[in-house]
Amino acid sequence: MPRVTELHVNGSPVKLDADGERTLLSVLRDDLDLTGTKYGCGEAQCGACTVLLDGIATRSCIVNLGSVGKRKITTIEGLGKKGALHPLQAAFLKCDALQCGYCTSGMIMSAFALLQRKPDPSDAEIVRAMNGNICRCAVYRRILCAIREGAQAMKEAK
Amino acid sequence: MHKGTTSRVGFKGQAVHVDIEPERYELAAAPVYRFDVDRRQFFKVLGAGVVVLLFVEAAIAQESGGGSARSGRGGSRPTELGAWLHIGEDETISVFTGKTEVGQNIRTSLAQAVAEELSAALDRIELVMADTDRTPYDLGTFGSRTTPDMALHLRRTAAAAREALLDLAAERFHVDRAQLTAIDGKVISRDRKQEMTFGQLTRGQQLVRTVTDDVPLKPAADWKVAGTSAPKVRGADFVTGRHRYTSDMKREGMLHGRVLRPSAWEATLGALDVTAAEAMTGVTVVRDGNFIGVAAADPLLAARALDAIHVEWIPNPQISNDDLFEHLRKHARGAPDANEGERQTRDILLKQSYTIAYIAHAPLEPRAAVAEWQEKKLTVWTGTQRPFGVRSELAQAFGISEADVRVIVPDTGSGYGGKHTGEAAIEAARLARAAKKPVKLVWTREEEFAWAYFRPAGIVDIESAVRRDGTITRWHLHNYNSGTAGIRCPYEVSDVRTEFHRSASPLRQGSYRALASVANFFAREVHIDELAAKLKMDPLAFRLRNLEEPRLRAVLEAAANAFGWKREKLGPNRGFGIACGMEKGGFLATCAEVLADRDSGSVQVTRIVAAFECGAVVNPEHLKNQIAGCVAQGLGGALFEAIEFQNGKVMNGRFSDYRVPRFSDVPKMDVVLVDRKDLPSAGAGETPIAGIAPAISNAIFAASGIRLRSLPLVPDGLKVQEA
């Protein structure tokens, strides 16, 4: 597959030089040093690798670099303005919605994508949307609380 | 201290025994160290200030089952440094501990303990953790021991530091010491005319203090910082993706490593041809004994290099999980004679068997290591719960001195007992040595499922007798392979016999959260329920009738009250179940409500209440988190998790085949904390997981009349509905 020399990441074009067959996950982490996005399973089952492609939650572990094209990539590092946490990130802290923290980036990105589509989701809708994200420390109820809090904060910010 | 505590790490003058449970198969006994402290070193590294050293009796580890104790030299009791603390001129308070942070939030609770005793602000406390060059020796972060041991060590160390600061201030202020108080990082005189910050007091000092046994500690009832739900230290680093786990680390010139795995367990090497891989540009291939690996500039190249290796494996036929329990029985050591005559009794007898499957830890961060050689010195970053144990493993693997090995554990993406050993560290270091560059090695999820160790499978046989009036008169329990944790019977029974029998495990096995408590609580609490059913007695009343331990009675009652325990038959297909137990200083009672339909076969867990007491609570919200996490994680092992294996291979070794609890699996849950400020704090990271399986099994029986005696209970699936 041809090499890829440019991507659009977190609002800016970025130069690189990588084999198009590499996974997007690996390139983000290993070439661009954006290590906030994590590897958990490599088969899109756990959600730790979730990024946004043109605003759509995507499992970067099964995306070939070569297929990304000009789509805008948003990673956890791109959430929130410089120095300030995004309301969703602040909500995760407030609700203590993490223990080991490894699933947290993926949880926040998936939740962010949900709240873009549905700013006021019911609990059932949150569960359905988030069910593809695994937390092995099983902090699930706290994460639900954080997403509800974050949704509220995001609405108020508008 | 409740009966059943088997380990204490004490201070000078106190006896110390650390029993390693037999089911910690992956551990080797730890050597005893004598730590010679060069006090000048502290100030060289840390800068001027005050250093407080805590010496503890060295942990003398004994292998259970008759292994010989490894003792220190000569007649004197060996001591080692347990912790140290440094107060610097810049007001930072650095605390050094060999414990690891793997998501149990001890980075926060230990900081709270220090802030409390020292009377300093929480955000001034910096914990340096799990670095074998900088922190004191530690046996490992497991066994729920951090709170009862390390928190206590750090409290004493911090209290001694506080006393040292008061002494310094008394000199400076020319005031009687009794006139001074330490508060909010300052020492203030009673008349408020004089005050100095801790940093100011330490300026120009190089003062070393050793903690004495009699340093006064603040009683838990007076806690202002400990005992509160302080937010997770460094939490912002995790929600922003800034925190670097081992697998996120980068070193100059670093390569990515992969290991060639055998086709199955116990397969041996037939033919091997690495020439194609070696010919690839930028690839290093290593073949060393039974280790075959590659390192390359990016993970894709490394994967391609691995694929380019031509290899033939000779399989070694093995059993499948269909034959597992028969196999465990057949190879059991010391099993009771089947024809042993039992004493005659007019009591009601019950004899049942319970089985427990192998399950995987499946930590979301797979094991990983970054290894770097600098001349003779090896540094490895790795997510392990035993940095010092891994240091030994590395020294042994490479035939070098431990002094030339440094292991650093970044805050890690969980372990649950699965990250005690140093495979990834050794693999990365071997590749790094050959490539002469740092190597990062991250196990794939498939490797995690196939090549890590599992929670032991097991069989528990129970034979009991009970009088018509509800008194249990006999309790004979035999556990095969899963272990001894939680095996003790908490009920008052005169004829008690509990025995553990080793067997031959076809799968690699080792520590898992709560160890054999899950198996032993499950078998016991289901069996207790079966006895109650035989007598047509309420399961709660039956337990209370046979229980004297007040702390266990207290959580049983707390759980039952919070849950709304009822004896009467509920609606169709609806049932309540209860279970209780005590282990490692924690007292647990769990109630479950299920909807179980005999006809459709569907089971829904609608509600859980867990009551827990572990002495004085250091951080209530984090404790609730741990308990809720235990329950939700435990749902997996209770309901649907099981390793399927055949002829040396895991058949369901990925998340698409091995079901783990997800958002939709978590029922409505309430956690009731019983806070005993008058009792020493015990650990809580494990025991709460052990009540969920029996509570659910008992609830399923109440709802449907079906008695389930095997874990997992309903592997075909679970549906959850909010009550």
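No value in this document is a laboratory result; all are computed from the given coordinates. Everything numeric in this text was worked out from a predicted model, so none of it was measured. Note that we place each Cβ from the backbone using ideal geometry, even for glycine, and neighbour counts take in every protein chain shown.
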Q. What's the average, rounded to a whole number, of partner chain beta-carbon atoms within 10 Å of each residue's beta-carbon in B:620-632?
A. 3
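Specify whether the C-alpha gyration tensor of chain B places it in the rounded, prolate or oblate class, a ≥ b ≥ c being the square roots of the eigenvalues: rounded for a/c under 1.5, otherwise prolate if a/b is larger than b/c and oblate if not. Please list the in-between numbers first.
Numbers: a/c = 1.85, a/b = 1.15, b/c = 1.61.
Note, shape of chain B comes out oblate.
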Q) Taking θ as phi - 60°, what are the ³J(HN,Hα) couplings along region B:231-245 by the Karplus curve (6.51, -1.76, 1.60), each to the nearest whole Hz, with x for Gly and Pro? A) x, 4, 4, 6, x, 4, 5, 8, 7, 9, x, 6, 4, 9, 6
Q: Counting helices only, and only those DSSP H runs with n ≥ 4, report the 222 nm mean residue ellipticity of chain A as the sum of -39,500 (n - 2.57) divided by its residues, in deg cm²/dmol to the nearest 500.
A: -9500 deg cm²/dmol
Q | Residue-averaged 222 nm ellipticity for chain B, from DSSP H runs of 4+ at -39500 (n - 2.57), nearest 500 | A | -7500 deg cm²/dmol
Q. For the residue pair B:K649 and B:V496, what label-to-label distance in nm results when each label sits 7 Å from Cα along the Cα-to-beta-carbon direction?
A. 4.7 nm
Q: Per residue of region A:8-19, in order, report the coupling 6.51 cos²θ - 1.76 cosθ + 1.60 (Karplus, θ = phi - 60°) as ³J(HN,Hα) in whole Hz, putting x for Gly and Pro.
A: 10, 10, 6, x, 9, x, 10, 8, 7, 8, 9, 4
Q | Sequence-distant residues sharing a close amide H with B:L679 (under 5 Å, placed H) | A | B:A616
Q: Kindly put A:T5, B:T181, B:T421 in sequence by how many other C-beta atoms sit within 10 Å of each C-beta, fewest to most.
A: A:T5, B:T181, B:T421
Q | Ordering of B:460-470, B:605-615 by packing [mean C-beta count within 10 Å, highest first] | A | B:605-615, B:460-470
**Q.** Sequence ranges B:490-498, B:429-437, ranked by mean other-Cβ count within 10 angstrom, highest first
**A.** B:429-437, B:490-498
**Q.** Lys pairs, region B:458-711 - Cα-Cα below 28 angstrom, 8 or more residues apart or on other chains
**A.** 12
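Starting with the fewest neighbours, write out B:R662, B:R134 ranked by other beta-carbon atoms found within 10 Å of each beta-carbon. All intermediate terms of the calculation are to be shown ahead of the outcome.
Working: B:R662 22, B:R134 16.
The most exposed by this proxy come first: B:R134, B:R662.
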**Q.** Mean separation of Cα contacts under 8 Å (6+ apart) over length of region A:3-78, as relative contact order %
**A.** 38 percent
Q | Other protein chain Cβ atoms within 10 Å, averaged over every residue that makes up A:89-96 | A | 4
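With a ≥ b ≥ c the root eigenvalues of the C-alpha gyration tensor of the protein assembly as shown, is it rounded (a/c under 1.5), prolate (a/b larger than b/c) or oblate? Numbers along the way, then the final one.
Working: a/c = 1.33, a/b = 1.07, b/c = 1.24.
Rounded, because the longest to shortest axis ratio a/c is under 1.5.
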Q. Given H placed 1.01 Å from N in the peptide plane, which residues other than close sequence neighbours of B:T606 have an amide H under 5 Å from its amide H?
A. B:E593, B:V594, B:L595
Q | Shielding by other protein chains, A:42-54, mean Cβ within 10 Å | A | 3
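Say R0 is 22 Å: what FRET efficiency, to the nearest 0.05, do A:S12 and A:N64 get from their beta-carbon distance? Please list the in-between numbers first.
On the way: r = 22 Å, r/R0 = 1.00.
Efficiency, from the Cβ-Cβ distance: 0.50.
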Q. Spin-label point model (7 Å from Cα, Cβ direction): what's the A:T5 to A:K94 distance in nm?
A. 4.7 nm
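Using the Cα gyration tensor of region A:87-157, with a ≥ b ≥ c the square roots of its eigenvalues, what is the shape: rounded (a/c below 1.5), prolate (a/b larger than b/c) or oblate (neither)? All intermediate terms of the calculation are to be shown ahead of the outcome.
Values: a/c = 1.79, a/b = 1.29, b/c = 1.38.
Oblate.
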Q: Assuming R0 = 60 Å, can you tell me the calculated FRET efficiency for the pair B:N290 and B:R172, based on Cβ-Cβ distance, to the nearest 0.05?
A: 0.40
(Q) Using each residue's phi in region A:54-62, evaluate 6.51 cos²θ - 1.76 cosθ + 1.60 at θ = phi - 60° and report the 3J(HN,Hα) Karplus result to the nearest Hz, with x for Gly and Pro. (A) 6, x, 9, 4, 9, 8, 5, 6, 10
Q | Separation of the A:K118 and B:T268 label points, Cα + 7 Å toward Cβ, nm | A | 5.8 nm
Q) What's the exposure ranking of B:M280, B:M651, B:M254, A:M130, going from fewest to most Cβ atoms within 10 Å? A) B:M651, B:M280, B:M254, A:M130
